[in-house]
Amino acid sequence: MYKVGIYGGSFNPLHMGHLSCIIRAANMCSELYIIVCDAKKREEIDIRIKYRWVYQLTKHIGNVSIIILDDKCESKSEYTDEEALKDATYIKEIIGKPVDVVFCGDDYKEGSFWYTCYPEAEKYVFPRNGISSTEIRKDVYGHWDWLPAVVRAHYVKKVLLVGGESTGKSTLTINLANYYNTNYVDEAGRELSEKSGTDRMMLQEDFTEILLQQKLNQMRAAEHSNKVLFIDTDALVTRFYLGFLEGGDASKNIQLADAVDSLNEYDLILFMEPDVPFVQDGDRSEIIHADRRKYSDQIKAILDAHGKKYICINGDYRQRFEKATEEVDKLINN
């Protein structure tokens, strides 16, 4: 049993090989310090994200601490022995006690800075079984099993389905989620619009709740998605209904819709054209039914005004599903 150990890396991204090393190292010493390198000039993953990954995976382990190391080099080849020695001195000062062991993966060979900068410490090498951040970055989804669940959320692709009423988007959202073995986000307004029994009598506070709930639901669902997350409707469609339903002063909710939209980022937007039969399920608007193209174009106009790029999906339900899966496959395979 060692007293003080260190284990460090760029964690760009953190993978199962890193996690295996961290767990084993923590079990082998009284104190383990994990060094997370912040290479701003190399456009690596934001240090806040990498720090959170390490923290979430180690917060239950009482003997683990995290140290952020500022790496100012523009490339790894610029990381000289002189820079490494400065960093090692800084780390030793932060720890404030002798380092007994340096843990590293077998991708760090003898002669690397872990060996030269900590000559007084024992070196303990863990096998990484060929897992590497470099290979993951080349093909994230092909190496999905190499990523801990907490890391996967960073790479989840978000696919938004929008369109007018009775265009099949809700059914298609669920079908796509099932097809890709992942989850989806329901249209938040469906349940919340029923507080008064009819959407024609909605209060402005109902729209506020819908806008905020939509965003929260997306954030939470992404944490548990399998490569892709499907989302039924978003803030800009709610913005359309703010104008269509005309229930009180909507100015503040329009501002909120725009603010939420500015936070939303989608990798693919599928727009459902109104060329399938209208199905009245009891609460759909007959006004929209009477002129579906008009109101569909109004939603498009809002998307266009907010700079959204979308792919139109039309045809029968079979054609819609095939076109949607074709676009999603492009997204996750390219």
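Residue by residue through segment 248-263, note down the ones that are open to solvent by 20 Å² or more (accessible area, probe 1.4 Å) and either in contact (Cβ under 8 Å) with a residue 12 or more places away in the chain or in contact with a strand residue (DSSP E or B) (Cβ under 6 Å, 6 or more places away or on another chain) (or both).
So in segment 248-263, the residues open to solvent by 20 Å² or more (accessible area, probe 1.4 Å) come out as 248-249, 251-252, 254-256, 258-259, 262-263.
Result: 248, 249, 252, 254, 256, 258, 263.
Can you run down the residue pairs with Cβ atoms below 7 Å, 6 or more apart or on separate chains, where the first is in segment 196-225 and farther than 18 Å from residue 251 by Cα and the partner is at pLDDT 95 or above and among the polar types (S, T, N, Q)?
Within 7 Å, the pairs are 221/183; 224/183; 225/182; 225/183.
Could you say which residue among 229, 236, 270, 216 is open to solvent by 60 Å² or more (accessible area, probe 1.4 Å), of a type outside the set (Gly, Ala, Ser) and closer than 15 Å to residue 187 by Cβ?
Values: 229 fails: open to solvent by 60 Å² or more (accessible area, probe 1.4 Å); 236 fails: open to solvent by 60 Å² or more (accessible area, probe 1.4 Å); 270 fails: open to solvent by 60 Å² or more (accessible area, probe 1.4 Å).
After ruling out the rest, the residue left standing is 216.
Report whether or not residue 179 is modelled with pLDDT of 90 or more, open to solvent by 20 Å² or more (accessible area, probe 1.4 Å), within 21 Å of residue 14 (Cβ to Cβ) and not charged (D, E, K, R).
Details: modelled with pLDDT of 90 or more: yes; open to solvent by 20 Å² or more (accessible area, probe 1.4 Å): yes; within 21 Å of residue 14 (Cβ to Cβ): no; not charged (D, E, K, R): yes.
Judged against the criteria, residue 179 is not a match.
In segment 316-334, what count of residues is obtained for those that are modelled with pLDDT under 95 and either open to solvent by less than 50 Å² (accessible area, probe 1.4 Å) or under 28 Å from the mean Cα position of the chain (by Cα) (or both)?
The qualifying residues number 3.
What residue, among those in segment 152-175 that are of a type in the set (D, E, K, R) and part of a strand (DSSP E or B), is nearest to residue 233 (Cα to Cα)? First the steps, then the outcome.
Within segment 152-175, the subset of a type in the set (D, E, K, R) is 152, 157-158, 165, 169.
If we keep only those that are part of a strand (DSSP E or B) as well, we get 157-158.
Numbers: 157: 16, 158: 12 Å.
The selected residue is 158.
Out of the residues in segment 105-123 meeting the condition of being modelled with pLDDT of 85 or more and surrounded by fewer than 18 Cβ atoms within 10 Å (Cβ to Cβ), tell me which one is nearest to residue 13 (Cα to Cα).
123
Every residue, every condition in (1) open to solvent by 40 Å² or more (accessible area, probe 1.4 Å); (2) more than 18 Å from residue 97 (Cα to Cα); (3) aromatic (Phe, Trp, Tyr), yes or no:
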{"position": "6", "(1), (2), (3)": "no, no, no"}
{"position": "23", "(1), (2), (3)": "yes, yes, no"}
{"position": "29", "(1), (2), (3)": "no, no, no"}
{"position": "37", "(1), (2), (3)": "no, yes, no"}
{"position": "45", "(1), (2), (3)": "no, yes, no"}
{"position": "52", "(1), (2), (3)": "yes, yes, no"}
{"position": "72", "(1), (2), (3)": "yes, yes, no"}
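Of the residues that sit in segment 128-170 and are under 17 Å from residue 327 (Cβ atoms) and open to solvent by 30 Å² or more (accessible area, probe 1.4 Å), which one is farthest from the chain's Cα centre (by Cα)? Talk me through it step by step, then tell me what you get.
Residues of segment 128-170 under 17 Å from residue 327 (Cβ atoms): 141, 156-163, 167-169.
Filter once more, so that each one left must be open to solvent by 30 Å² or more (accessible area, probe 1.4 Å): 141, 157-158.
On the way: 141: 13, 157: 7, 158: 8 Å.
By that ranking, first place goes to 141.
In segment 110-151, which residues are part of a helix (DSSP H, G or I) and over 20 Å from residue 37 (Cα atoms)?
Taking segment 110-151 as the starting set, the residues that turn out to be part of a helix (DSSP H, G or I) are 113-116, 133-138, 141-146, 149-151.
Within segment 110-151, 138, 141, 142, 143, 144, 145, 146, 149 meet the criteria.
The values are calculated or read from the model by the stated rules, or taken from the named source; none is laboratory data. Everything numeric in this text was worked out from a predicted model, so none of it was measured. Here Cβ is always computed from backbone atoms with ideal geometry, including for glycine, and neighbour counts include all displayed protein chains. To get the accessible areas, we keep the full protein, side chains included, count just its heavy atoms, and leave off ligands, DNA and RNA. Shrake-Rupley method; radii C 1.70, N 1.55, O 1.52, S 1.80 Å.
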